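Below is one structure, written out as structure tokens, with a few remarks after it.
The values are calculated or read from the model by the stated rules, or taken from the named source; none is laboratory data. No experiment lies behind these values; they were computed from the predicted model shown. Cβ: placed from backbone, ideal geometry, glycine included. Neighbour counts: every protein chain shown. Only protein heavy atoms, including side chains, enter the accessible area calculation; ligands, DNA and RNA are left aside. Shrake-Rupley method; radii C 1.70, N 1.55, O 1.52, S 1.80 Å.
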Amino acid sequence: MNVLKFGGTSVGSPERIRHVGRLVSDRGKNIVVLSAMSGTTNTLVEISEYLYKNNIPGAQETLNALEAKYDAVVTELLETPRGRALAKNAVDRSFAIIRSFFSDDATFTAEDEKEILAQGELISTNLMHVHLGERGINSVLLPALDYMRTLESGEPDMAFIRSKLRLLLELEPEADLYITQGYICRNSEGRIDNLQRGGSDYTASIIGAVLDLDEIQIWTDIDGMHNNDPRFVDDTRPVSSLHFEEAAELAYFGAKILHPTCVLPAKLHNIPVRLLNTLDPEAKGTVICNTPPDRTIKAVAAKDNITAIKIKSGRMLLAYGFLHKVFETFENHRTSIDMIATSEVGVTVTIDNDARLDAIIDELKHFGTVTVDRDMVILCVVGDLEWHNLGFEAMAVEALKDIPVRMISYGGSNYNISMLVRAEDKVRALRQLSEKLFNNRQ
């Protein structure tokens with residue numbers, strides 16, 4: 001048995017839902033994880049913003065437009081009066097829950113918003129379930145709120161999820177397919193919550209891990225993880241296979257097809273993750289597994305909106321505790337660091353969240369002279385980059401010989417070399433890296 005996850009664009013219209021319905025019904029007995037229809041979560045966030053401001057008419061108007069959209073979806077998707085009635089009832093239940101928060105007297109909370117946001121996935125799975133029923137497919141809904149739970153730390157409660165999910169499956173042994181929601185869960189207090197990091201990808205990975213399934217399939221609208229960003233570089237191609245560590249590096253540094261946290265449960269339980277194209281189901285895609293690296297450079301990714309901060313101080317020379325104080329500053333301001341470079345008298349770091357930048361700079365000025373470079377981009381070259389594999393890092397640097405490189409990070413991982421360049425040089429750098437690393441080797 002496999003778990004198949006489909007994102008919002010894959011189920012973003014009646015036509016797409018029918019296509020996914022045909023695709024999953026042809027692949028045997030599996031668990032199908034669905035996101036909300038594309039655009040729905042954004043609309044539910046907008047409704048919540050109105051409610052935070054106690055603007056009930058604004059929330060009502062926005063919800064009415066969303067309801068009209070789903071009325072049209074139900075009419076187009078379902079073919080029988082019974083099917084349309086079942087789908088309409090399911091959709092109406094979710095809208096009734098949303099409307100229950102439309103009160104001038106109540107204070108709208110973050111917990112209320114999470115309950116509203118959960119309705120998107122509940123609607124999409126009900127629509128798919130009713131559609132499959134019309135086609136004679138015996139699908140069973142597995143309510144994620146019944147088994148997906150997090151601990152007080154926010155991490156998934158793997159033991160609870162495993163026991164509860166297995167029990168739900170045992171109650172429906174004759175099912176052709178199991179349909180469940182991505183992203184949503186209950187927290188340790190039993191309240192509706194979400195998995196935050198990784199969303200529906202994370203749901204699929206957790207399910208695959210706790211049930212020890214054969215494969216975790218992530219279906220999107222692109223045929224696997226490409227060796228460069230096809231939005232900026234021509235003639236990119238899917239990477240046939242990646243090690244889990246390589247995939248995590250690419251995902252963290254900008255490859256949007258996969259969330260970085262998705263791969264962790266799969267990696268720990270040694271379950272392959274396959275990235276596939278909903279619009280081209282026969283494409284091989286990309287498989288991610290624990291197979292040892294094969295002494296090749298696999299792909300390039302870019303991470304935007306980076307800020308570099310340099311702290312220079314003579315007090316750093318032979319001084320104990322200097323770096324600890326610097327890193328403690330970022331920890332105190334809950335700001336993570338991407339890249340690090342040090343010398344005898346200075347340290348440079350990069351961050352991708354500048355919300356607390358002014359406060360961080362003020363604090364760092366106690367330790368030395370602070371210089372800030374904004375509008376930077378991290379280029380990440382990923383592959384088998386063990387230090388004894390001769391020439392790989394040289395090729396990456398050579399590709400950028402005519403582009404100013406602010407910072408290089410190599411050796412912290414066996415799987416990447418990262419280079420910091422100006423945002424204005426990003427596209428040219430990506431193209432030159434492709435030309436040097438991939439096209440010259442054909």
Original post:
Considering only DSSP beta bridges with both partners in the stretch 89-231, what is the antiparallel share in %, to the nearest 5?
Top reply: 45
Original post:
Given charges of +1 on the Cβ of Lys and Arg and -1 on the Cβ of Asp and Glu, with all other atoms neutral, how large is the dipole of the chain about its Cα centre, in debye to the nearest 20?
Top reply: 540
Original post:
Computed from the mean reciprocal separation of all distinct C-alpha pairs, what Kirkwood hydrodynamic radius does the stretch 106-249 have, in Å?
Top reply: 17.3
Original post:
How many percent of DSSP beta bridges within the chain run antiparallel, rounded to 5?
Top reply: 60
Subject >> Cleavage-rule hits (trypsin sites (Lys or Arg not before Pro)) in the stretch 138-202: DSSP loop, at most 16 neighbouring Cβ within 10 angstrom >> reply: Arg191, Arg197
Original post:
When the label point is put 7 Å from the Cα of Ser103 along its Cα-to-beta-carbon vector, which residues of the stretch 24-54 have a backbone N closer than 20 Å?
Top reply: 47-54
Subject >> Segment Thr291-Thr80, extension gain: residue separation times 0.36 nm, minus the distance between their alpha carbons >> reply: 71.1 nm
Original post:
Sorted by mean Cβ packing within 10 Å, highest first, what order do the peptides 261-269, 107-115 take?
Top reply: 261-269, 107-115
Original post:
When the accessible area of the chain is computed with all protein chains present and a 1.4 Å probe, what percentage of it is carbon and sulfur?
Top reply: 48
Original post:
When DSSP beta bridges are limited to those with both residues in the stretch 153-281, what percentage is antiparallel, rounded to the nearest 5?
Top reply: 45
Original post:
Hey, which lysines would be in cross-link range of Lys69, C-alpha to C-alpha under 17 Å, not counting anything within fewer than 8 residues on its own chain?
Top reply: Lys88
Subject >> Unit charges at the beta carbon, dipole of the chain: most positive-side option, Leu145, Leu167, Trp387 >> reply: Trp387
**OP:** Work out how far the C-alpha atoms of the stretch 341-442 reach from end to end along every principal axis, then list the three figures in whole Å, largest first.
**Re:** 52, 30, 21
Original post:
Can you tell me the Rg and the Dmax, both Å, for the Cα atoms in the stretch 9-127?
Top reply: 15.4, 51
Original post:
Got a sec? Charge dipole of the stretch 231-351, +1 on Cβ for Lys and Arg, -1 for Asp and Glu; which of Gly346, Ile309, Tyr320 is way out at the positive end?
Top reply: Tyr320
Original post:
What does the accessible area per residue of the chain come to in Å², with a 1.4 Å probe and no ligands, DNA or RNA counted?
Top reply: 46
**OP:** Evaluate the distance, in nm, between pseudo-label points positioned 7 Å from the Cα of Asn305 and of Ile56 along their respective Cα→Cβ axes.
**Re:** 3.5
Subject >> Straight-distance crosslink candidates among aspartates and glutamates, where the alpha carbon sits under 15 Å from Lys325 and sequence neighbours closer than 8 are dropped >> reply: Asp362, Glu363
Original post:
If you bin every alpha carbon distance in the chain into 20 Å steps from zero, what whole percent lands in each bin?
Top reply: 23, 49, 26, 2
Original post:
Given the pairs Lys303/Lys436; Lys5/Lys29; Lys114/Lys284, which span a C-alpha to C-alpha distance of over 25 angstrom in this model?
Top reply: Lys114/Lys284
**OP:** Report the residues of the stretch 370-406 in range of a label on Lys312: point 7 Å along Cα→C-beta, backbone N strictly under 20 Å from it.
**Re:** 370-376, 404-406
